[in-house]
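Reviewing the structure listed below.
The values are calculated or read from the model by the stated rules, or taken from the named source; none is laboratory data. What you see is a predicted model; the values in this text were computed from it and never measured. FYI the Cβ positions are ideal-geometry reconstructions off the backbone, even for glycines, and counts take in every protein chain you see. Note: accessible area is taken over every heavy atom of the protein model, side chains too, but ligands, DNA and RNA are not part of it. Shrake-Rupley method; radii C 1.70, N 1.55, O 1.52, S 1.80 Å.
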Amino acid sequence: MNNLEMNKVQDREEIEINLKNIFSKLFDKWIWFISSVFICLLIAFLYGRYTAPNYQIKAKLIVNDDQKGGGIAKQSGALMDLNGIMGSKNSVDNEIEILKTRFLMEQVVREMQLNIVYSKKNGLVSRELYQAPFKINIIKSVDTISTVDLKVVKLSINKFSVSAKDFNKEVGSNEAFNVEGVGILTIEPNLGTKSGNGEFYVRISSIDSKVASLMAQLSVAASNKQVSIIDLKLIYPLPNKGEDILNTIIKKYTQSNLNDKNAVADSTYRFIKERLNVIASELGDVENKVESFKQKNQLADMSEQGKLLVQSTGEYSSELAKAETQLTIINDLEKYLKESKIDKRVFPSSLVPQDVVFSNLMAQYNSLLIERERQLLSVTEESPFIKNIDRQIAELRGNMLSNIQSTKKSALTTRDKLRNQLNSADGQILGVPKIEKNYLKLARNQQIKQELYIFLMQKAEETNISKTANISIAKTIDPPKADVFPVSPRKIIIYLISLIIGLIIPIALIFGRELFNTSIKTKEEINSLTDVAVIGEISHNSSDDNLIVANQSRSAISEQFRALRTNLSFYLKSEQEKIILLTSSMSGEGKSFTAINLGNILALAGKKVLLMELDLRKPGLSAKLGINNDLGFSNFTISPEIKVVNIVKPLAINKNMFIISSGPLPPNPAETLMSKYVPDLIEELKKEFDYIIMDAPPIGVIADAQLLSKYADVTLYLVRQKITQKDQLKIVQDLYVTKRMKNIGIVVNDIVSKYYGYGYGYGTYGEASSKKWYENLFKR
């Protein structure tokens, strides 16, 4: 097998180990999953039980969209030239935006008083009522209404008890009372309701907040891009009330649309009436002049020559009259545009000459004016939105004025041409008597005024007819209707989500704890952080006895110390190599415990073992063994009179075990370890003992252990599960790489988790765990 294949096999084995490790961790916390799922499903049940159901109310409108084709039949015949009166071309997208406007919803809220919500307690929850046995009216509200909850108890038909925060009063029917944050209210009985007596709750909120709430529950969209049908959907707890709200929205929308159309028609009609009054007066004057002229000159009839001339020039006079009429209208419209710079009035569209460009400009202009009036109901003149509309209106007015002036030049040219033709015909009238000639001039002027008057009268009638024939651009094809089943809460989905959350929470807790854990927990973590081999693994000592090997020789820990003894034989390859140094990253990782039991397991094999308590700063070995520490290593280094035999003390736990305690704490521990007597002491002890175990200070804190490393043949670096930090393994890795300590190996102590690795769980020789399942429920 080549290296590539070996690497693939190794990677596959690592993946299998990781997956087994993950599933083992999850399975070990099965009670977490059961508890979490149960709690989440219980919460879901309570949520579904006590949450008010919401129903979806649907309606459909069809819009007369000129861009997409029919919907509502278009007007035809004599009214075809009045398209301008109907406003701009309709667009489904525009109508959707209008239906979604806050202004429209505000009208609905005000009309239906939706900011006053009545409810009654039903069991543990309150449910909204469409109609309560009473009605609250706001007579005079404060500037900004705060959300206030009232408790109303119906005492009798005309007597109520009203209470709120810092307010409690009995009031009669239509008796005014003041509630802070709302204003002056009255309450009146609502006969014919089935809600009965008892306690009722009333929430009064501001118009703006209720509008915002309903806007969030309203959905308006086109069915698709090929048709001009709009779908309206409203989510509301009460189906009947939701249907009425949606009906009112549609009613206000169609009413607003008709008002916009009628505004253009009314403006046109007012303009025509003003001009009719002027033209009627002028026509009356001309007719009076004709009559006076005929009476004064006793002109009963014209001569045959005069009649012939009138007939020959009649066609020119008729065309000239039409041209003069058109020019007069154009002048009036030009004047109207110039005067409406301050007074923004809709444009009298039915008088516009048949010009497609001008008709489009006029339609946009009128639409902007109507939109401006609508927006001013909710914003001020200084609003950036209004200023933007004003800029567009001014630009359109300028374009319309330019178009009118261009049309006026063309009309002037036509009129002048007709005048020249008529003047040429008038030259033939020179031969007619003067009286008849003057009469022809008066008759011509009368004809022009009469043509203009007839034109305006016709337009006035058309405008009135168009107004009465106005219909909304939208028609309800599917009236509001609530679904039979509520759209929320959807219990099946809630239970499914709760189940998923119930499974996710324990997984997140388990792996989140792993993620934020900084201490050593598994053998894989040690192997990933250092190249130093793990040569021993010691389980958690659940008892207070430090002499596990001596007192529980068949326990799992005893077997683990035997395994450590066996592994040490691979490091101590000759009889001359007998010194074992124990150190760690910090105190409390079990050096003394390991030294005692390792020494005992070696002594049980018939070896003579010496324990050296060389932690001169915080000794603990002698105290654990109950040895007097008055005389020890520190005395030997400062007093030549003290011999080796004086400091070596036998231990009662095993006849082959001895100890050299630390002695009194010296003021300079490091210098004490560097004493010139130490090398000779070590050499003498090596001759007498088979194994020497040095209990050194933590190397992660002080450097004393490094001073002793030159004597050691093997160094055991103690790592305690869930105590030793991952970063502290950098110390042992550094010692291994720099070779400052030879034959270094790691001993993992106090293993409490079965997820640790391979070293825990083998052969307990009949030792049974006394832990119950619930004791492991929240263990780390």
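Values for this structure:
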quantity	calculated
All positions within the range 412-438 that are modelled with pLDDT of 65 or more, open to solvent by less than 60 Å² (accessible area, probe 1.4 Å) and out of contact with any helix residue (DSSP H, G or I) (no Cβ under 6 Å at 6 or more places or on another chain)	Leu412, Asn438
Pair list, Cβ under 7 Å, 6 or more apart: the range 608-633 residue touching a residue at least 12 places away in the same chain (Cβ under 8 Å) and buried (at least 21 other Cβ atoms within 10 Å of the Cβ), other residue acidic (Asp, Glu) and assigned to a loop (DSSP other than H, G, I, E, B)	Val609/Asp690
Strands (runs of 3 or more DSSP E) within the range 97-216 that include 1 or more residues free of Cβ contacts under 8 Å to residues at least 60 places away in the same chain	116-122, 134-141, 148-156, 159-164, 167-172, 177-179, 183-189
In the range 128-148, the residues that are more than 17 Å from Lys210 (Cβ to Cβ) and surrounded by fewer than 14 Cβ atoms within 10 Å (Cβ to Cβ)	Ile139, Lys140
Output for the range 608-637, where each listed residue is in contact with a Gly (Cβ under 9 Å, 6 or more places away or on another chain) and under 21 Å from Tyr711 (Cα atoms)	Val609, Leu610, Leu611, Glu613, Leu616, Pro619, Gly632, Phe633, Ser634, Asn635, Phe636, Thr637
Matching residues, the range 219-234, being open to solvent by 40 Å² or more (accessible area, probe 1.4 Å) and either at positive phi or not in a strand (DSSP E or B) (or both)	Ser223, Asn224, Lys225, Gln226, Val227
Any hit, the range 264-286, residues being of a type in the set (D, E, K, R), in a helix (DSSP H, G or I) and farther than 24 Å from Met362 by Cβ	yes
Residue list for the range 108-122, filter: open to solvent by less than 60 Å² (accessible area, probe 1.4 Å) and over 20 Å from Pro189 (Cα atoms)	Val108, Val109
Test for Lys607: is it more than 18 Å from Met741 (Cβ to Cβ) and either assigned to a loop (DSSP other than H, G, I, E, B) or out of contact with any His (no Cβ under 8 Å at 6 or more places or on another chain) (or both)	yes
Conditions (1) more than 60 Å from the chain's Cα centre (by Cα); (2) open to solvent by less than 70 Å² (accessible area, probe 1.4 Å); (3) acidic (Asp, Glu); number of the one not met by Glu688	(2)
Lys742 under 19 Å from Leu564 (Cβ atoms), surrounded by fewer than 19 Cβ atoms within 10 Å (Cβ to Cβ) and either modelled with pLDDT of 90 or more or over 59 Å from the mean Cα position of the chain (by Cα) (or both)	yes
Pairs, first touching a residue at least 24 places away in the same chain (Cβ under 8 Å) in the range 708-723, second β-branched (Val, Ile, Thr) and open to solvent by 10 Å² or more (accessible area, probe 1.4 Å), C-beta under 7 Å, six or more apart	Thr715/Ile744; Tyr717/Ile744; Gln721/Val752
Condition broken by Ile627, with the remaining ones in (1) among the hydrophobic types (A, V, I, L, M, F, W, C); (2) more than 25 Å from Asn600 (Cα to Cα); (3) in a loop (DSSP other than H, G, I, E, B) satisfied	(2)
Total residues in the range 184-197, condition at pLDDT below 80 and either over 40 Å from the mean Cα position of the chain (by Cα) or within 18 Å of Ala164 (Cβ to Cβ) (or both)	6
Unmet requirement for Leu276, which otherwise passes all of (1) open to solvent by 40 Å² or more (accessible area, probe 1.4 Å); (2) within 30 Å of Ile454 (Cβ to Cβ)	(1)
Unmet criterion (only one of (1) open to solvent by less than 50 Å² (accessible area, probe 1.4 Å); (2) in contact with a strand residue (DSSP E or B) (Cβ under 9 Å, 6 or more places away or on another chain)) for Glu188	(1)
Restricting the range 656-666 to residues that are touching a residue at least 40 places away in the same chain (Cβ under 8 Å) and open to solvent by 10 Å² or more (accessible area, probe 1.4 Å), the residue that is nearest to Asn546 (Cα to Cα)	Phe658
Qualifying residue in the range 708-715 (condition: open to solvent by 20 Å² or more (accessible area, probe 1.4 Å), under 30 Å from Pro640 (Cβ atoms) and touching a Lys or Arg at 6+ places or on another chain (Cβ under 8 Å))	no
Candidate set from the range 149-161 (those that are surrounded by fewer than 20 Cβ atoms within 10 Å (Cβ to Cβ) and touching a Gly at 6+ places or on another chain (Cβ under 9 Å)); member that is nearest to Leu114 (Cα to Cα)	Val153
The range 697-717, residues that are at pLDDT below 90 and either assigned to a helix (DSSP H, G or I) or under 59 Å from the mean Cα position of the chain (by Cα) (or both)	Pro697, Pro698, Ile699, Gly700, Val701, Ile702, Ala703, Asp704, Ala705, Gln706, Leu707, Leu708
Number of the exception - Ile62 against (1) more than 30 Å from Ile497 (Cα to Cα); (2) at pLDDT below 85; (3) open to solvent by less than 70 Å² (accessible area, probe 1.4 Å); (4) of a type outside the set (Ser, Thr, Tyr)	(2)
Test result for Val356, more than 30 Å from Glu381 (Cβ to Cβ), open to solvent by 40 Å² or more (accessible area, probe 1.4 Å), of a type in the set (A, V, I, L, M) and modelled with pLDDT of 75 or more	no
Close pairs (6 angstrom Cβ cut-off, 6 or more residues apart or separate chains): within 14 Å of Glu319 (Cβ to Cβ) in the range 404-424, open to solvent by 70 Å² or more (accessible area, probe 1.4 Å) and in a helix (DSSP H, G or I) anywhere	Ala411/Gln326; Leu418/Glu319; Gln421/Tyr316; Leu422/Tyr316
